[in-house]
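Quick notes on the structure that follows.
The values are calculated or read from the model by the stated rules, or taken from the named source; none is laboratory data. These numbers come from a predicted model, not from an experiment. Here the Cβ positions follow ideal geometry from the backbone for every residue, glycine too, while neighbour counts run over all protein chains shown. The area values use the complete protein model at the heavy-atom level, side chains included, leaving out ligands, DNA and RNA. Shrake-Rupley method; radii C 1.70, N 1.55, O 1.52, S 1.80 Å.
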Amino acid sequence: MNTTRGFTGRTRAARPGLPPGQYDAGDDWPVLSAEVTPEVAAADWTFRVGGLVAEPRTWDLAGARTLPASAYTGDIHCVTGWSKFGVRFGGVSLDAFLDAARPLPSATHAVAYSHTGYAANLPLADLTGGRAWIAWDYEGQPLSPEHGGPARLVVPHLYFWKSVKWVAGLELLDHDEPGFWEQNGYHARGNPWEEQRYSGD
Amino acid sequence: MTETATHPTGAFAPPTRFAVPGRIEVDGLVAGTWQTATLAEIRRETPRASTFRLAVPGWAGHVPGQHLMLRLTAPDGYTAQRHYSLASAPDGSGHIELTLDHVRDGEVSGWFHEVARPGDRIEVRGPLSGFFAWPGDRPALLLGAGSGVVPLMSMVRHHRARGLTVPLRMLVSARGPEELIYARELGAETTPVFTRRAPAGTRAGRLGAEHLRPFLADPPAGGWEAYVCGSNSFAEHASRLLVAAGQPVERIRIERFG
């Protein structure tokens, strides 16, 4: 162990929900998009599920709101090091969208993409079974543009770059295909509990 | 270093307007290896910011704009990790420089500003991320605020050290002259904007459309690649000004603190 002279660290209580190498951001919620925040009006937002599905489908916000409501309450973890505890995102489980489009048996992975063109790849297994949401509310208020409003993907068990802001669609594939940060040196899956930050971790 | 392909042949391309592509490929092996860095020198830049020069004998070299990950370890095994932009230009010297604000209650910046002295050893991995990198090829318009000037200064230093002729201009915002990091080093390529206290004869105020107009009204051949770095509020403000002035969104790269 390479101890740093004179470093003790902030006074800290054991925090079981904190993955390795992360710190508690407290009330802060840093914004880390790499592109200009787009002006996507709620009336113009659409979400498409396509690729290896029986029936490609597209929803607008009004249509998406007719699906059964579902919320995520828990923690989120950013690859830059902060974690945020006890947040609440309201929207619809991604399962509801996938059930409507009916993934083909050959579908194993997905690329989630944004209205800006930003994209992230995910194994389909990380998007199903109540582990992913399309969210338009944060703490009961409409999600702000800089945090991905009108609506974003939320996959809280992976680093948050996977939770695509201004989400425009999900393309189901029979192979893994790197998204934006994954082409820029970041890990293909991004599990914070295994500290999968960069390619090779 | 090679340009990152916009999309590998045959890959799925989102039907939406494409986001800003990466600039360089990153070596995953280099990015994934922790190395020991020895603090060689500390230089004060402003009342709140200092530069820390580190000897990293195995440093693989970087492209201006890239960052690294840094780790401090307590005797009980607790570690604190942060990402910091590289301030120095790539020079093959086996040394790199970081410039850190002294963040109030900052766990890591507090150690650097209050405890660190030459000879101390820490751990680093990098360089990381090819998105905000500037290899020195395209005309660059740099917009920074506060310590957001740090990765941009690496670009300015690289431009000078290599004697590059590709156009490079920097607009840097600071509260007052005493808080302008690298003030002595800034040259004709830089326009400082002081938001609270300006020197006699100039007006204090926020970065505005009038500051961008001279550059965007008459862009160089091929257009500017814009790099924006600072707090989220500065990044939002500056990127909106750029878009309003006609800069294409796919040629605006943003690095936000956090």
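At-a-glance table
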item: 15 Å beta-carbon shell around residue B:121, net charge (K/R +1, D/E -1); result: +2
item: Sequence-separation-based contact order of chain A, relative, with Cα cut under 8 Å and 6+ spacing, percent; result: 23
item: Trypsin sites (Lys or Arg not before Pro) restricted to DSSP loop in segment B:29-112 with at most 14 other C-beta within 10 Å; result: B:104
item: Rounded to the nearest 20 debye, dipole of chain A from Cβ charges on Lys, Arg, Asp, Glu; result: 520
item: Gain on full stretching of the segment that runs from residue A:104 to residue A:15 - 0.36 nm per residue minus C-alpha separation; result: 27.9 nm
item: Per DSSP, loop trypsin sites (Lys or Arg not before Pro) in segment A:44-99 with at most 13 further Cβ within 10 Å; result: none
item: Efficiency of FRET between residue B:240 and residue A:128 - r from beta-carbon atoms, R0 41 angstrom, step 0.05; result: 0.60
item: Global form of segment A:9-133, assessed from the alpha-carbon gyration tensor, a/c cut-off 1.5; result: prolate
item: Estimated FRET transfer efficiency (residue B:233, residue B:25; beta-carbon r; R0 22 Å; 0.05); result: 0.10
item: Cβ-placed point charges (K, R +1; D, E -1), dipole of chain B about Cα centre in debye, nearest 20; result: 580
item: Share of pairwise Cα separations in the protein assembly as shown, more than 36 Å, in percent; result: 29
item: GluC sites (Glu not before Pro) restricted to DSSP loop in segment A:114-175 with at most 13 other C-beta within 10 Å; result: A:139
item: Assigned charges on the beta-carbon of Lys, Arg, Asp, Glu; segment A:114-201 dipole about Cα centre (debye); result: 180
item: Surface share of carbon and sulfur [accessible, 1.4 angstrom probe, percent] for segment B:140-256; result: 54
item: Full-stretch length increase - residue B:103, residue B:115 - with 0.36 nm per residue and alpha-carbon distance subtracted; result: 2.9 nm
item: Virtual spin-label span in nm between residue B:221 and residue A:88, 7 Å along Cα→Cβ; result: 6.0
item: Potential extension, residue A:41-residue A:176 segment - 0.36 nm per residue separation minus Cα distance; result: 45.5 nm
